[in-house]
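Inspection log for the structure reproduced underneath, given as structure tokens.
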Amino acid sequence: MTGVDYVHGYSGREAERLTDQADTLAALLHDGVAFAAGDSVLEPGCGVGSQTVHLAARSPRARIVSVDISETSLAEARRSVADAGLTNVTFRQADIHCLPFEDQSFDHVFVCFLLEHLAEPALGLAELRRVLRPGGSITVVEGDHGSAYFHPDSEAARRAIGCLVELQARVGGDSLIGRRLYPLLSAAGFRGVRVEPRMVYADGSLPQLVEGFTLRTFTAMVEGVRAEALGQCLISETEWERGVAALHRTAERDGVFCYTFFRAVASR
Ligand SMILES: C[S@@+](CC[C@H](N)C(=O)[O-])C[C@H]1O[C@@H](n2cnc3c(N)ncnc32)[C@H](O)[C@@H]1O
């Protein structure tokens, strides 16, 4: 299986974008996430391993099992982890809805940017809960494209972002899922759910964040759906180009970009 029909696709450019995103946001998203020696950690939806390398490096003596539905992505993930000299990760092809693991076989689950692509995230969470041992922890990281605001403000930029939100919804996902983590995890039966908003703020004094997040993560993600947005007549070409130019404009010296990720931690 090459993978699911999901909004960002499996191009080399998207693999690069995921790695830029993970590297730029490692401190923000992985801060405080460390698992003890000998603990088993499941990472579903590992993709090309962009988060896996940070996860494994921060918990060098935990045993990480990373799965993805796409064999192609897994091959790349294996390479990245080997290149990073990490030896505490094993990979397996699997669908989150039907994991090839016994009940209660993991101490922890770490899941990043996967629930947003599921038509029924409750089903994925139920399966994660099944394989987690009682008392084990789950950490979920998701974004929420409704949290993006910027200076200079631009209606065209908001419309271009809206195209991505709509396209993701049309293939069954929810790019506004960050705000739903608390109700989703609670309804799935997890206990002690705590959600932390983790905000990215990038201005001209933070050129690495502007490059790594505003341009190479967020704007690149919006630009990645150009063909689908125009092909499905969600926006005119002129309006699209104006919106993308306005996103680039927020990366200039006097521009500002804000976005909030949500990190939820709960136990079984
Ligand atoms: C946006 S990528 C995130 C990858 C990685 N977690 C990261 O943050 O870089 C989403 C990944 O979820 C995978 N995926 C989508 N649906 C899946 C499913 N039903 N089961 C397992 N993986 C799935 C895709 O193949 C893709 O690699």
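The values are calculated or read from the model by the stated rules, or taken from the named source; none is laboratory data. The shown structure was predicted, so the numbers you read here are calculated from the model rather than taken from an experiment. When we count neighbours, we look across all protein chains shown, and the Cβ atoms used for this are built from the backbone with ideal geometry, even at glycine.
Of all residues in segment 9-22, those that are touching a residue at least 12 places away in the same chain (Cβ under 8 Å) and within 9 Å of the ligand (Cβ to nearest atom) have Cβ atoms under 6 Å from Cβ atoms of residues that are among the polar types (S, T, N, Q) and part of a loop (DSSP other than H, G, I, E, B), 6 or more apart or on another chain, in Leu18/Ser50; Thr19/Ser50; Ala22/Ser50; Ala22/Gln51.
Pro60 fulfils the conditions (1) of a type outside the set (Lys, Arg); (2) within 10 Å of the ligand (Cβ to nearest atom); (3) outside any helix (DSSP H, G or I) except for a single criterion, (2).
Residues in segment 112-138 that are more than 12 Å from the ligand (Cβ to nearest atom) and either touching a residue at least 60 places away in the same chain (Cβ under 8 Å) or touching a Gly at 6+ places or on another chain (Cβ under 8 Å) (or both): Ala122, Leu125, Ala126, Arg129, Val131, Leu132, Arg133, Pro134, Gly135, Gly136, Ser137, Ile138. Restricting attention to segment 112-133, does a residue exist that is more than 18 Å from the chain's Cα centre (by Cα), within 20 Å of His8 (Cβ to Cβ) and among the hydrophobic types (A, V, I, L, M, F, W, C)? Scanning segment 112-133 turns up no residue that is more than 18 Å from the chain's Cα centre (by Cα), within 20 Å of His8 (Cβ to Cβ) and among the hydrophobic types (A, V, I, L, M, F, W, C). Among the residues of segment 134-175, those identified as closer than 20 Å to Ala266 by Cβ and either surrounded by 14 or more Cβ atoms within 10 Å (Cβ to Cβ) or aromatic (Phe, Trp, Tyr) (or both) are Gly136, Ser137, Ile138, Thr139, Val140, Val141, Glu142, Gly143, Asp144, Asp174.
So is Gly173 within 16 Å of the ligand (Cβ to nearest atom) and assigned to a helix (DSSP H, G or I) or not?
No: the conditions fail for Gly173.
Put simply, of Leu86, Leu18 the only residue that is buried (at least 16 other Cβ atoms within 10 Å of the Cβ) and either touching a Pro at 6+ places or on another chain (Cβ under 8 Å) or more than 19 Å from Gly212 (Cβ to Cβ) (or both) is Leu86.
I'm trying to understand the selection: among the residues of segment 176-195, which are surrounded by 14 or more Cβ atoms within 10 Å (Cβ to Cβ), among the charged types (D, E, K, R) and more than 15 Å from Val111 (Cβ to Cβ)? Of everything in segment 176-195, just one residue is surrounded by 14 or more Cβ atoms within 10 Å (Cβ to Cβ), among the charged types (D, E, K, R) and more than 15 Å from Val111 (Cβ to Cβ), namely Arg179.
Just one of the listed residues (Ser80, Ser147, Ser66) is touching a Gly at 6+ places or on another chain (Cβ under 9 Å) and away from the ligand (no atom under 13 Å from the Cβ), namely Ser147. Tallying residues that are at pLDDT 95 or above, basic (Lys, Arg) and closer than 22 Å to Glu116 by Cα within segment 8-67 yields 0.
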